[in-house]
Ligand code: NDP
């Protein structure tokens with residue numbers, strides 16, 4: 001079979017995220033009417049990393065579009081840990097702030113583990129705090145990391161019930177791979193979590209009904225690593241150069257996926273879902289803090 005001959009079926013994360021943001025906007029109006037309070041998200045950026053600045057701006061715009069309050073804090077790159085921890089402590093205590101996100105990566109001298117643990121788990125809308133990770137792993141209500149949550153939503157929207165499907169997740173970070181595996185397990189998939197030490201990765205990938213690639217290596221996963229009919233979620237975003245130009249590519253060789261059932265494009269697949277899920281987590285945190293059951 002010539003697997004490079006046809007076009008892949010696209011899972012349109014941009015359109016899904018846009019519908020989700022519209023729905024969240026309606027729900028935000030409802031909770032404001034019922035409580036008299038506006039959900040608020042605080043984003044903290046330390047330093048001047050260019051990509052982080054773009055992400056923070058996008059989050060700010062999306063928060064306002066959904067009708068929530070957006071609080072932005074920018075600290076200089078040489079800020080001592082004590083200043084950042086003091087700010088987090090103030091935000092933990094501020095009733096106008098329902099969600100707190102500290103943009104990663106942090107400058108070298110700051111330990112992300114210490115910073116994440118300082119955030120009140122009830123306001124940890126990134127879902128990175130060990131309390132939320134533990135709750136997810138033990139099947140309890142948790143604030144779930146936004147990117148894997150978005151991937152699960154796309155999969156359930158596309159496939160419906162995921163029970164019994166074999167999901168292979170490539171990448172085992174705390175931010176994407178591990179919570180993705182937990183969410184798929186929670187959805188009754190049989191889950192294989194692969195990583196850089198996995199032996200014969202192509203063979204493992206070929207057994208997947210659902211393949212989630214969260215690696216950060218441009219087009220590492222080739223078309224012949226994927227069985228016909230599989231659904232592919234490409235999480236990694238990689239900027240590659242062609243002469244003077246650069247373009248974004250995923251971890252999966254998109255042009256070789258004509259035989260799969262569906263695939264997320266890069267860009268326009270998982271990326272937009274991450275911000276939509278951040279808004280959803282902020283609303284979830286607000287509801288829980290105000291004793292509202294959704
Ligand atoms: P990390 O660098 O933390 O983790 C990468 C994972 O890939 C590790 O578990 C690593 O294995 C594994 N890996 C690396 N090389 C190989 C290999 N050759 N074969 C198999 N596995 C390998 O990255 P993140 O999880 O934070 O992010 C992954 C990608 O997703 C990045 O490209 C990032 O930009 C993107 N991303 C996209 C988001 C979005 O909104 N679309 C949001 C978050 C991330 P090991 O543990 O053994 O080292």
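Laboratory data are not the source of any read-out in this text; all were calculated from the coordinates shown. In this text the structure is predicted, and so the values were computed from the model without any measurement. A quick note on method: Cβ atoms are made from the backbone with ideal geometry, for glycine too, and the neighbour counts reach across all protein chains shown.
Take the alpha carbon atoms of the stretch 191-219, find their center, do the same for the stretch 47-61, and report the distance between the two centers in whole angstrom. Rounded to whole Å, the Cα centres lie 30 Å apart.
Taking the C-alpha atoms only, the angle from helix 81-93 to the longest principal axis of the chain is near 80 degrees. Classify the stretch 221-294 from the C-alpha gyration tensor, please: rounded if a/c falls under 1.5, else prolate or oblate depending on whether a/b exceeds b/c. The shape class here is oblate. Over the stretch 29-89, the alpha carbon radius of gyration divided by the compact-protein estimate 2.2 N^0.38 Å works out to 1.34.
Ranked by how many other Cβ atoms sit within 10 Å of their own Cβ, fewest first, the residues 44, 54 fall in the order 54, 44. If you take the Cα centroid of the stretch 62-93 and the Cα centroid of the stretch 237-287, the two points sit 26 Å apart.
With the convex hull of the Cα atoms taken as the outline of the stretch 1-131, the averaged projected area works out to 11.4 nm².
Remark: C-alpha extents of the chain on the principal axes read 60, 42, 34 Å, sorted largest to smallest.
With coordinates expressed along the principal axes, the C-alpha atoms belonging to the stretch 160-294 extend over 52, 42, 28 Å, beginning with the largest. Sorting 166, 195, 242, 129 by the number of Cβ atoms found within 10 Å of their own Cβ, with the fewest placed first, yields 242, 195, 166, 129.
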